[in-house]
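Notes follow the structure.
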Amino acid sequence: QVQLVESGGGLVQAGGSLRLSCAVSGRTFNRAGMAWFRQAPGKEREFVAAISWHSSMWIGEPTYYADSVTGRFSISRDNAKNTVYLQMDRLKPEDTATYLCAAGDQLLTTSTKAVSAQYEYWGQGTQVTVSA
């Protein structure tokens, strides 16, 4: 069994920063990449960012971002800690959502990295609230 546990969410004022973490544990699997998605109440799940884990299972640049967060968010990983991070700067009220971490074990291409169905393993999420 694979477990993904997110942390780092909270309440922050607009313009502030937060860093989310996603720790992976459990059985070993061939990990193509990991991603962050977010979901606000009453809205569909939305892709935020993705990062390569095994280059042989990833097509394209090692990181990939939604247009809405490009230049403000940065995804990174620590292989030794088996952890993925999402640094979020210049936060806006519209960034308010539950942020979920996901891991995929199938080839991820430019057209599939932002598709939630391509990711097999999910965390429970961490809440981010940005006040105006």
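The values are calculated or read from the model by the stated rules, or taken from the named source; none is laboratory data. All of these numbers come straight from a predicted model, not from anything done at the bench. Counting neighbours? That spans all protein chains shown, and the Cβs are built from the backbone with ideal geometry, glycine included. In case anyone asks, the SASA skips ligands and DNA or RNA and just uses the protein heavy atoms, side chains included. Shrake-Rupley method; radii C 1.70, N 1.55, O 1.52, S 1.80 Å.
Report, by residue number, each residue of segment 13-34 that is touching a Phe, Trp or Tyr at 6+ places or on another chain (Cβ under 7 Å) and farther than 30 Å from S131 by Cβ.
So the first thing to find is which residues in segment 13-34 are touching a Phe, Trp or Tyr at 6+ places or on another chain (Cβ under 7 Å), and the list is 19-21, 31-34.
Residues satisfying the conditions are R31, A32, G33.
Filtering segment 31-61 down to residues that are among the small types (G, A, S) and open to solvent by less than 70 Å² (accessible area, probe 1.4 Å), which residue is farthest from the chain's Cα centre (by Cα)? The extreme case among them is G60. If I filter segment 68-77 for residues that are outside any loop (DSSP other than H, G, I, E, B), open to solvent by 50 Å² or more (accessible area, probe 1.4 Å) and not polar (S, T, N, Q), do I get at least one hit? Yes.
Please indicate, with yes or no, whether at least one residue in segment 117-126 is within 13 Å of C22 (Cα to Cα), hydroxyl-bearing (S, T, Y) and buried (at least 19 other Cβ atoms within 10 Å of the Cβ). First the steps, then the outcome.
Within segment 117-126, the subset within 13 Å of C22 (Cα to Cα) is 121-126.
Keeping just the survivors that are hydroxyl-bearing (S, T, Y) gives 121, 126.
Remaining after also requiring buried (at least 19 other Cβ atoms within 10 Å of the Cβ): 126.
Among the residues of segment 117-126, at least one is within 13 Å of C22 (Cα to Cα), hydroxyl-bearing (S, T, Y) and buried (at least 19 other Cβ atoms within 10 Å of the Cβ), which makes the answer yes.
Can you find even one residue in segment 23-41 that is touching a residue at least 12 places away in the same chain (Cβ under 8 Å), in contact with a Lys or Arg (Cβ under 9 Å, 6 or more places away or on another chain) and of a type in the set (S, T, Y)? No, that holds for no residue. Evaluated against (1) over 11 Å from the mean Cα position of the chain (by Cα); (2) open to solvent by 50 Å² or more (accessible area, probe 1.4 Å); (3) farther than 23 Å from G15 by Cβ, N82 falls short on exactly one condition, (2).
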